[in-house]
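Read-outs: derived from the displayed coordinates by stated rules, not from any lab. No experiment lies behind these values; they were computed from the predicted model shown. Cβ coordinates were reconstructed from backbone atoms using ideal geometry, including for glycine residues, and neighbour counts include every protein chain displayed.
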Amino acid sequence: MTAPSSVPSPPATAAPAPPRLPAQAVPGVAQVWEHTRGEPSVTIGLYDSPVDLAHPSLAGAALDHRSPWWLPPGPDGPAAQEHGTFTAGVLLGRPGSVLPGLVPGCRVVAVGHHHPDDGPSPDPIDTARALDELLDAGADLICTTIAHHTASDDADDLLKRAVARTIAAGVPIIAPAGNDYGHHSVAPANLPGVLAVGAHRADGSMFAFSNHGPAYAGHGLAALGEAVLGAHPGGGVKAQKGTCVAVALVTGAAALLLSLQHRHGLRPDALAVRDALLATARPCTAEQTHGRPGRCLNGRLDLLAAARHLCPTLALPTTEPAAEPATEHATEPPASHLAAPPSAFTVRPLRRADRGEATP
């Protein structure tokens, strides 16, 4: 594995993007919510750090939290819970709470990997076991925020077999492309069939740190990865950035699409959802990719286009809606609930460390 890296801080001259709730970060959510806010028959598997189960946004959520039985117990305080709590809130945050999520009606089975910043990184065998655990738990799709660096664009054989097993069972895996400027790829996002997710700014331009390259060709897309609000341990919310932020949004979008299939009596097909997201991704302009088209992977997330692709008989808009849906939740949470200003969000299992962002 290469040296740990993290999402860099924005340039000092850049104007900060205003924080957005998850539904404001994915255009088209309000329109899909007219049909479903997530079905209880859809189970999302999540491999991330532990979750603050007492967070008010998760009160009453269908969240089955499991410890990795194959590992010794680890820390479970606020620092260890930050990553997993953010992702769980983006997905399951209750309507009307301080952090409404994208699919509050769905179920999540979460395996919480303990990873203190000064501790050992989870290895590929841990991830392989977590995938098997989530598959056995009935996950319809799996989101993992764990990333394993590789200079060869290859991965451990046990991990490759677990990924292949999961996809062969009809369960797609959604994983961050990583925050390493494209210097190398990370597993499992670099493996065939895995939906790799990169990150773009609020203005649509790709972050320079968002990984790209041949390992992701044909099976990746980009989503907003800047100033997205998520649940924060202790009851607050916090804006974060990075490819792990984007992967939470794409997972929510995929769960919404699978819920649409369930709601309207179509045959649920999570792999078809993955393929629809890739097929309908909105191309980036040369300006958005800084002259490097590969940075945008297949394109940017287009939820409504994917929904029309999967459910052509539904009455859905044919034009891209505004980025901020006009719903009762399209307002920023009270300042008293904000844990801190927007900050960088590391791709687990990498340690947090600030470094300047290179020129695109």
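Here is how the numbers come out for the structure above:
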| read-out | value |
| --- | --- |
| Rel. contact order, % - alpha carbon contacts under 8 angstrom, at least six apart, the range 33-163 | 36 percent |
| Global form of the range 19-151, assessed from the alpha-carbon gyration tensor, a/c cut-off 1.5 | prolate |
| The range 127-226: relative contact order in percent, alpha carbon pairs under 8 Å with at least 6 residues between | 26 percent |
| Gyration tensor verdict on the range 18-61 (Cα atoms; rounded if a/c is under 1.5, prolate if a/b is larger than b/c, oblate otherwise) | oblate |
| Inter-probe distance in nm under a simple model that places probes 7 Å from Cα toward Cβ, at Asp132 and Ser152 | 2.2 nm |
| Approximate spin-label separation Ala279-Ile125, in nm, with each point projected 7 Å along Cα-to-Cβ | 4.1 nm |
| Relative contact order (percent, whole number), the range 199-290, Cα cutoff 8 Å, 6+ residue spacing | 28 percent |
| Gyration tensor (alpha-carbon) shape descriptor, the range 70-227, a/c threshold 1.5 | rounded |
| Packing rank of 302-312, 138-148, where each peptide gets the mean count of other beta carbons within 10 Å, highest leading | 138-148, 302-312 |
| Additional length obtainable on full extension of the chain from Ala169 to Ala286, 0.36 nm per residue less Cα span | 38.3 nm |
